Every structure is written in C-alpha cells, then in structure tokens.
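To keep things clear, I will list the structure first and then write my remarks on it.
The values are calculated or read from the model by the stated rules, or taken from the named source; none is laboratory data. In this text the structure is predicted, and so the values were computed from the model without any measurement. Cβ: placed from backbone, ideal geometry, glycine included. Neighbour counts: every protein chain shown.
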Amino acid sequence: MQGAIHAEGLVKTFGDVRALDGVDLNVPEGTVLGLLGPNGAGKTTTVRVLTTLVRPDSGSAVVAGLDVLKKPNEVRHAIGLSGQFAAVDEYLTGRENLRMVGRLYQMSARDAKTRAGELLERFNLADAADRPAKTYSGGMRRRLDLAAALVVSPPVMFMDEPTTGLDPRNRQQLWEVIEELVAGGTTLLLTTQYLEEADRLAHDIAVVDHGRVIARGTSDQLKARTGGERVEVVVHDREHIPVTEQVLHAFGKGATAVEEHTRKVTVPVSGGAKLLAEVIRELDGRGIEIDDIALRRPTLDDVFISLTGHTAEEAQDRADRAHEADRGQEGAAP
Ligand SMILES: Nc1ncnc2c1ncn2[C@@H]1O[C@H](COP(=O)(O)OP(=O)(O)OP(=O)(O)O)[C@@H](O)[C@H]1O
Ligand SMILES: [Mg+2]
C-alpha cells in the first residue's frame, strides 16, 4: 500500500553532480523511516524534493496523499520540516519566531501564543525565550528550529539531522518528543549520522549512497544481512594498531575497521569463542598488550561500514577536511 510518504525514481542533478540517481521510498503512515548515508549521499536533497523546496529532474512523489509536483502549496500545509541548517529569524526572539510560525499556519493569536509557550518549555528555551535568536548558541538554535517544526502538529514530518549539535540530555528529550509524536500517528522521515538514533527511533531504515537507496529494512534485518559476529580489540598502544589490524584481518572474513581515538580494531568473524582464544594467543605472542577484547553481534555502525565502506564518523571527518582544504585554497588564492 502507498504510504504517507512515497517516492519513485527521483533524479536530481546539480551541474554534473547526480545528487539523486533514482531514489524510491515508501513510509507507511504512523511510522518512522531513518535515512542514513555518508556525507553527500543525497539525504538533504531527498528531503528538499519531498518538502517541495527543490524540483526533481524526473520521478514522482506523493506526501500525505498529495502530489509534490502538482500541489506544492497543499503539501507545505500538510508537513513540518526541521532542516539541517536552522531556518530561524535571527532578529526575532525565540518566542516571536514560534508565534510567527503559528500565525503563518492560520492559528489564532491566542493559540499561537499558548503553543509557543508550551514548546519553549518543552525544548528548555523558556529562559532565553525573549532574547533575539541571534544570541542563541548552536544547540539552542537547533532546538528552536525543531520547536518551530512542531508548532502545528502536521501529519507528516521531515527532520534533517535533528539532533546534530545537541548535548546528550537535549538529544534524549528530543527522542522522547519524537516518540510521542509517532505514537500520536505522525509519519516521520528522519536523516541522521547517529546510528544509535536510527536504531532507537526508526521502524525502517534506508541507506543511501551516491543518490541511490542501496539497502533497506528494519535495523534487525540489516544487521542480520551484515551477518555474523565481530571480534573487537582495544589495544593499549596506538602503535600496535597496524599489526593488530593485520592479525585480525588474517582471522576475519571481511574488512577490518579501525577507530583511532579509542584504539579499537574490529573484524567480522565466524568461529565464536574458540576463535577469540586464538586471537588472544596470537596477539599475546606478538607482544601486543590488550586493554579489552570482545565478541559481539553487529551494530548498525557495522552495517553502515559494510555497505558504504566507511564509518559515519570517518565520513564526517572527510567532509570536515574537504571543507578545511577548500578554505585553505581560498586563503591561498592571490
Ligand atoms: N544546491 C546545490 N548545488 C550544487 N550541488 C549540490 C546542491 N545541493 C546538493 N548538492 C550536491 O549534491 C550531493 C548530495 O548533497 P546532499 O546535501 O543531498 O547530501 P547529504 O546526504 O545531505 O550530505 P550530508 O550528510 O553532508 O548532509 C552532494 O554532492 C552535494 O554537493
Ligand atoms: Mg544533509
């Protein structure tokens, strides 16, 4: 059955970049779809097409029963959007921003005021409510943007990296708000780099890369597909990471993953506890001191690595470095 969000064959190019290369999605009513993918995969572009902000080159999409291309205004009234880059008015206070959104959606002045007050409480912004948004910290701005998306409770919501930049307590609270919304029947498409977030909130997950959906399923289905257990070793000395990687590679049956800052090396294996003992003996024989070693089931991070070839964290690092390199070039230009 066609869901509350349904897209077929979405293609969008920017010059020679094929941002979307045939995206198909279906989100049943009252469920959450988590859209995962490395930087530049096409997540934001997908959200922008579905929320009528960008017109696709080809393909079709229906949101809340309305054709996105034929009825963009009606679609805009049926949805809520919280973007990757907060869309708040800098010069208005937090309270004014929320009241304005309410008025834009034809709420009475009184209802808009009440709703603004509730949301400011809910998102821990009550103390800063009467300061201009330009004085807000990054996390406060993000919370204001999320609150703005919730002024009217639309049947279909889009959230592009809603918890990026939020501290753990605010992230936890937002998750609770989202769970309540969904329990109340809201359909949500959520993009995130926090795989734990997708694991907790999403009924279904779609992994995108290079503008295409490369895998979809529940978190458990994707983990099962990634298969088998992992051996995870934390070495004591950073210098021992490369040789540990070699050893694990020899015992493993797939690509090793290294997390430098935690000195953790991971590899998919088959063979269970017996193999674990062999790995320990081998590392010990090579004089490698181990802080921690474990056999564990795959996580969503493993799914991400095996599907896209790198961790969400590495993808973020790479994007940051590219950004710095760009700035460096600008600086170096005569
Ligand atoms: N307005 C634009 N003009 C030119 N290129 C664009 C534009 N918007 C997106 N792109 C390109 O399209 C591709 C997909 O971008 P998109 O923003 O959808 O990625 P994303 O998955 O949201 O990434 P991130 O995780 O970094 O937010 C990228 O290569 C990006 O540079
Ligand atoms: Mg994005």
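Can you go through Ala255, Ala277, Ala224, Ala215 and tell me which one is closer than 30 Å to Phe14 by Cβ and either modelled with pLDDT under 95 or in a strand (DSSP E or B) (or both)? Don't jump to the end; show me each part of the working.
Numbers: Ala255 fails: closer than 30 Å to Phe14 by Cβ; Ala277 fails: closer than 30 Å to Phe14 by Cβ; Ala224 fails: closer than 30 Å to Phe14 by Cβ.
It is Ala215.
Among the residues of region 8-17 satisfying the criterion of being surrounded by 14 or more Cβ atoms within 10 Å (Cβ to Cβ) and within 16 Å of ligand 2 (Cβ to nearest atom), which is nearest to Ala215 (Cα to Cα)?
Leu10
Residue pairs, Cβ under 7 Å, 6 or more apart or interchain, first in region 266-279 and in the same structural domain as Gly254 (by the TED database), second assigned to a strand (DSSP E or B) and among the small types (Gly, Ala, Ser). List them.
Correct list of pairs: Thr266/Ala257.
Any residue in region 153-166 that's touching a residue at least 24 places away in the same chain (Cβ under 8 Å) and closer than 19 Å to Pro28 by Cβ: show its pairings with residues that are within 16 Å of ligand 1 (Cβ to nearest atom) and not in a strand (DSSP E or B) at Cβ separation under 7 Å, as long as the two are six or more apart or on different chains.
As it stands, the answer is Phe158/Val47; Phe158/Leu50; Phe158/Thr51, since those pairs meet every condition given.
Given (1) within 16 Å of ligand 2 (Cβ to nearest atom); (2) surrounded by fewer than 20 Cβ atoms within 10 Å (Cβ to Cβ), where does Gly227 come up short, assuming only one miss?
Unmet for Gly227, out of (1) within 16 Å of ligand 2 (Cβ to nearest atom); (2) surrounded by fewer than 20 Cβ atoms within 10 Å (Cβ to Cβ): (1).
Only one of these conditions is not met by Gly102: (1) away from ligand 1 (no atom under 16 Å from the Cβ); (2) within 29 Å of Tyr136 (Cα to Cα); (3) assigned to a loop (DSSP other than H, G, I, E, B). Which number is it?
(3)
Determine if region 129-142 includes at least one residue that is modelled with pLDDT under 90 and under 30 Å from Val62 (Cα atoms).
Yes, region 129-142 contains at least one residue that is modelled with pLDDT under 90 and under 30 Å from Val62 (Cα atoms).
Any chance you could count how many residues in region 46-69 are near ligand 1 (Cβ under 9 Å from one of its atoms) and either in contact with a helix residue (DSSP H, G or I) (Cβ under 8 Å, 6 or more places away or on another chain) or under 14 Å from Gly9 (Cβ atoms) (or both)? Give the steps one after another, and end with the answer.
Of the residues in region 46-69, the ones near ligand 1 (Cβ under 9 Å from one of its atoms) are 46-48, 54.
Retained after the next criterion (residues that are either in contact with a helix residue (DSSP H, G or I) (Cβ under 8 Å, 6 or more places away or on another chain) or under 14 Å from Gly9 (Cβ atoms) (or both)): 46, 54.
Number satisfying all stated conditions: 2.
If we keep just the residues of region 27-46 that are in a helix (DSSP H, G or I) and either under 12 Å from the mean Cα position of the chain (by Cα) or surrounded by fewer than 21 Cβ atoms within 10 Å (Cβ to Cβ) (or both), which is farthest from ligand 2 (Cβ to nearest atom)? If you could, list the steps in order and put the result at the bottom.
Of region 27-46, the ones in a helix (DSSP H, G or I) are 43-46.
The next check asks that each one be either under 12 Å from the mean Cα position of the chain (by Cα) or surrounded by fewer than 21 Cβ atoms within 10 Å (Cβ to Cβ) (or both); those that pass are 43-44.
Details: Lys43: 5, Thr44: 3 Å.
This residue is Lys43.
Taking region 152-169, which residues are buried (at least 20 other Cβ atoms within 10 Å of the Cβ) and either modelled with pLDDT of 90 or more or within 14 Å of ligand 2 (Cβ to nearest atom) (or both)?
Residues satisfying the conditions are Val156, Met157, Phe158, Met159, Asp160, Glu161, Pro162, Thr163.
Return the residues of region 192-205 that are over 19 Å from Ala64 (Cβ atoms) and either within 15 Å of ligand 2 (Cβ to nearest atom) or in contact (Cβ under 8 Å) with a residue 40 or more places away in the chain (or both); say none if nothing qualifies. Can you show your working first?
First pass over region 192-205, keeping only residues over 19 Å from Ala64 (Cβ atoms): 192-202, 205.
Within region 192-205, Thr192, Gln193, Tyr194, Leu195, Glu196, Glu197, Ala198, Asp199, Leu201, Ala202, Ile205 meet the criteria.
One residue is enough: does region 49-69 have a residue meeting the conditions in contact with a strand residue (DSSP E or B) (Cβ under 8 Å, 6 or more places away or on another chain), assigned to a strand (DSSP E or B) and without any contact (Cβ under 8 Å) to a residue 12 or more places away in the chain?
Yes, that holds for at least one residue.
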